[in-house]
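S.K.: The structure's right below; bear with me while I get my questions together.
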Amino acid sequence: MQQLEGKVAFVTGAGSGIGLGIAQALAATGVKVMLCDIEQAALHRAVEGLAATNADVAGVRADVSLKDELRKAAEETIARFGKVHILVNNAGVGGGGEYGEWTDASWDWTIGVNLMSVVWGFEIFGPLIERHGEGGQVVSTASIAGLIAAVGPSYNVTKYGVVALSEGLRVQLAPRGIGVSVLCPGFIRTQIMDSRRNLPARFGAIEEMNEGADASELVQAARTAIEHGIDPRYVGELVREGIEGDWPYIFTDTEFEPMIAERFAAITAGFDRIRDRTPQR
């Protein structure tokens, strides 16, 4: 995938934030992009904005927490562009409440968008990439919270899952000509803290998560950090470079590197506690 011009990409959550930044960076390199989002108005604005730059783009609305809608979006991509080389599993939501406050509905929603849509993305788009034999790349957006459990439980669980899925499938798909990268961004200027604006009606009313003046001090601090976070277009350029170089991990900054090192040090310390013991067989 070192030569991206003329290739075709499918990007979820592309109406704004990181997804739009990735779509912009790829389109600027000559990639044909199918933008996918659940938010129709934002999707329309994003497609119009890119089309105004003479980029070859189109848009498809889909709720990626529904497998059939993601499959139909793939079919529309093939109908429009003929093939697909790059899949960006980017759509994500902020997750549900803390321990003692969460609900089944918020877990179902978070798992559906953040994790199952990635699973289905591989399942649906993988064979489409293999079909043309020209190689391809899958980039899935996890989070720094996929390496350190620093946010809400459901968000952490889904992002750890995306990292694990990506690490395992990278080995399995390489012989098939498909590279796999996982994006672990830090604080990026997105609307992730206001995810409930796109909550599908079928989930009903779920608990307050990040919204409201009564949110925890930690949540308020995170919101401020995100509002002053990294430009999504910068992230898009990193992802473009990661695709060209087949990077296994794509990071956006080094802010959380010490916390990740501390986690691995704690794991090593766990091994050290039993290092001189002989297991019974």
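S.K.: Provide Rg and Dmax in Å for the chain, with only Cα atoms included in the calculation.
M.R.: 19.0, 68
S.K.: For residue 255 and residue 278, calculate 0.36 nm times their separation in residues minus their Cα-Cα distance, and state this gained length in nm to one decimal.
M.R.: Residue separation times 0.36 nm, minus the Cα-Cα distance, leaves 4.3 nm.
S.K.: Here's another thing I want to ask about it. Would you tell me the accessible area of residue 197, worked out with a 1.4 angstrom probe on the heavy atoms of the protein chains, in Å² to the nearest 10?
M.R.: Rounded to the nearest 10, that gives 100 Å².
S.K.: Sticking with this one: When we measure straight from the Cα of residue 72, which aspartates and glutamates land under 12 angstrom away, once same-chain ones fewer than 8 places off are left out?
M.R.: Within reach: 63.
S.K.: A follow-up question, please. Between Rg and the Kirkwood Rh of the range 53-108, both from Cα atoms, what is the Rg to Rh ratio?
M.R.: 1.14
S.K.: Calculate the dipole size of the range 1-93 relative to its Cα centre from +1 charges on Lys and Arg beta carbons and -1 charges on Asp and Glu beta carbons; express the result in debye to the nearest 20.
M.R.: Taking the Cα centre of the range 1-93 as origin, the dipole is about 180 debye.
S.K.: Here's something else I'd like to know. Amide H to amide H under 5 Å from residue 253: which residues, 5+ apart in sequence or cross-chain, H placed 1.01 Å off N in plane?
M.R.: Sorted by chain and number, the residues that satisfy this are 186.
S.K.: Follow-up question, since we're still on this one. Please work out how much accessible surface residue 67 shows to a 1.4 Å probe, ignoring ligands, DNA and RNA, in Å² rounded to 10.
M.R.: Near enough 60 Å² of accessible area.
S.K.: A further question on this structure: Using a 1.4 angstrom probe on the protein heavy atoms only, line up 187, 122, 271 by accessible area, largest first.
M.R.: From most accessible down to least: 271, 187, 122.
S.K.: What's the Kirkwood radius of the range 17-146 in Å, using all Cα pairs?
M.R.: Result for the range 17-146, one decimal place: 15.5 Å.
S.K.: Along the range 248-253, what does the Karplus equation 6.51 cos²θ - 1.76 cosθ + 1.60 (θ = phi - 60°) give for ³J(HN,Hα), rounded to whole Hz, x for Gly and Pro?
M.R.: Rounded to whole hertz, the list is x, 10, 10, 10, 9, 5.
S.K.: Run lengths n ≥ 4 of DSSP H only: what is the helix-derived mean residue ellipticity at 222 nm for the chain, with -39500 (n - 2.57) per run over all residues, to the nearest 500?
M.R.: It comes out at -14500 deg cm²/dmol, rounded to the nearest 500.
S.K.: Another question about this same structure. Given a 1.4 Å probe and heavy atoms of the protein chains only, how would you sort 104, 253, 37, largest accessible area at the top?
M.R.: 104, 253, 37
S.K.: Additional query: Which is farthest toward the positive dipole end of the chain among 188, 9, 154, measuring Cα position about the Cα centre, with Cβ charges +1 (Lys, Arg) and -1 (Asp, Glu)?
M.R.: So the residue we want is 9.
S.K.: Moving on to the next point. Hey, if we sort 109, 120, 102, 247 by accessible area with the 1.4 Å probe, largest down, what's the order?
M.R.: 102, 247, 120, 109
S.K.: I've got another one for you. For a quick check: with amide H placed at 1.01 Å from N, whose amide H comes under 5 Å from residue 179's, ignoring anything fewer than 5 positions away on the same chain?
M.R.: 136, 137, 138
S.K.: What does the C-alpha gyration tensor say about the overall shape of the range 129-281? Classify as rounded when a/c is under 1.5, otherwise prolate if a/b is larger than b/c, or oblate.
M.R.: Oblate.
S.K.: Give the aspartates and glutamates whose C-alpha is closer than 15 Å to that of residue 67, dropping any in the same chain fewer than 8 places away, or say none.
M.R.: 37, 75, 76, 108, 123
The values are calculated or read from the model by the stated rules, or taken from the named source; none is laboratory data. Not measured: the values here are computed from a predicted model. Note that each Cβ is placed from the backbone with ideal geometry, even for glycine, and that neighbours are counted across all protein chains shown. With ligands, DNA and RNA removed, areas are computed over all heavy atoms of the protein, side chains included. Shrake-Rupley method; radii C 1.70, N 1.55, O 1.52, S 1.80 Å.
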